[in-house]
Amino acid sequence: MTATPIPRTLVLTAYGDMEVSKLDEKPPGRQSIQTNALSSDRIEELIARIYTAVQHGKKIYWICPLVEESEEVQATAAEDRFKDLKSRMGENVVGLVHGRMSVDEKNQAMADFKEGKTRVLVATTVIEVGVDVPDATIMVIEHAERFGLAQLHQLRGRVGRGSDASHCMLLYYTPLSETAEARLKIMRETEDGFRIAEEDLKLRGEGEVLGTRQSGTPGFNLAQLERHADILEIARDGAKLIVETNPDLDGEQGEALKLLLYLFGQDQAVRLLRAG
């Protein structure tokens, strides 16, 4: 079971002999999350809008890619953004949570945000899973171009968990790579996790099924999983029949299959045929 499909999940599902069920509807009462991309040139405008939202009682997440400033990575740190927003909005309006804090500190920061003692929570991706604040309705992801599609989708899912309209702002810094631009475009177009995973698969590949690499060049020489899934199903049924009737790859057919596995660099798979 997966709440956020990723390319690796799609590939393992496609290779595996299993039935697939998709839950592609929101729970009753939840609205779509309006997603927009905003250049960092307009960050002052965004902060002003966030301040207005706070005055109207809204709760806002502000996600940063780093905990603290780094000389090696040019990106805004959560601690710096926390200090900046606190100086603008007030001492008790903004909270901070990140992975270097103690468990008690993180729990207290989350409790303050959930109870409304703070209205803006500056955080790293530590809040990516296991966080449920139904009345949080605005998500700002700073340096959105640095995040992968699955992570952007997961972070966006922290809002829109109640009945109120929610918004996700993808704050990006230029110049944008072609891949980053494609990711932001997909996030604006859809909330469908399955389509997002399929697009992610096209962008970064599925990695290795018989290895540990989880992204990169597709494992097929003559096909693409996202375009030829129907052919894969036929091939899988044929492979299953061979494993059941001729697991040692004996005879003329077996020799031909061994040769094919060798030619495609998968001869090491022979010893795994009995693995299930």
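The values are calculated or read from the model by the stated rules, or taken from the named source; none is laboratory data. Here the structure is a predicted model, which is why all the values come from computation and not from measurement. All Cβ positions, even for glycine, are placed from backbone atoms using ideal geometry, and neighbour counts span all protein chains on display.
Residue by residue through the range 49-62, note down the ones that are loosely packed, with under 12 Cβ neighbours inside 10 Å and among the small types (Gly, Ala, Ser). Of everything in the range 49-62, just one residue is loosely packed, with under 12 Cβ neighbours inside 10 Å and among the small types (Gly, Ala, Ser), namely Gly57. The residue that is surrounded by the fewest Cβ atoms within 10 Å (Cβ to Cβ), counting only those in the range 124-159 that are of a type in the set (Gly, Ala, Ser) and at pLDDT below 95, is Gly130.
Restricting attention to the range 100-126, the residues that are of a type outside the set (Ser, Thr, Tyr), closer than 15 Å to Trp62 by Cα and not in a helix (DSSP H, G or I) add up to 5. Checking the range 94-101 against the condition returns no match, with no residue being under 19 Å from the mean Cα position of the chain (by Cα), at pLDDT below 75 and not hydrophobic (A, V, I, L, M, F, W, C). Cβ contacts < 7 Å: first residue among the β-branched types (Val, Ile, Thr), restricted to the range 183-205; second residue surrounded by fewer than 17 Cβ atoms within 10 Å (Cβ to Cβ), any location; separation 6+ or different chain. Result? Filtered contacts from the range 183-205: Ile196/Thr190. Within the range 222-276, which residues are at positive phi, modelled with pLDDT of 85 or more and loosely packed, with under 12 Cβ neighbours inside 10 Å? Listed by number, the list holds a single entry, Gly251. The residues of the range 115-133 that are touching a strand residue (DSSP E or B) at 6+ places or on another chain (Cβ under 6 Å) and charged (D, E, K, R) amount to a single one, Arg119. In this structure, Arg100 does not satisfy being of a type in the set (Lys, Arg), surrounded by fewer than 14 Cβ atoms within 10 Å (Cβ to Cβ), out of contact with any helix residue (DSSP H, G or I) (no Cβ under 6 Å at 6 or more places or on another chain) and closer than 28 Å to Thr174 by Cα.
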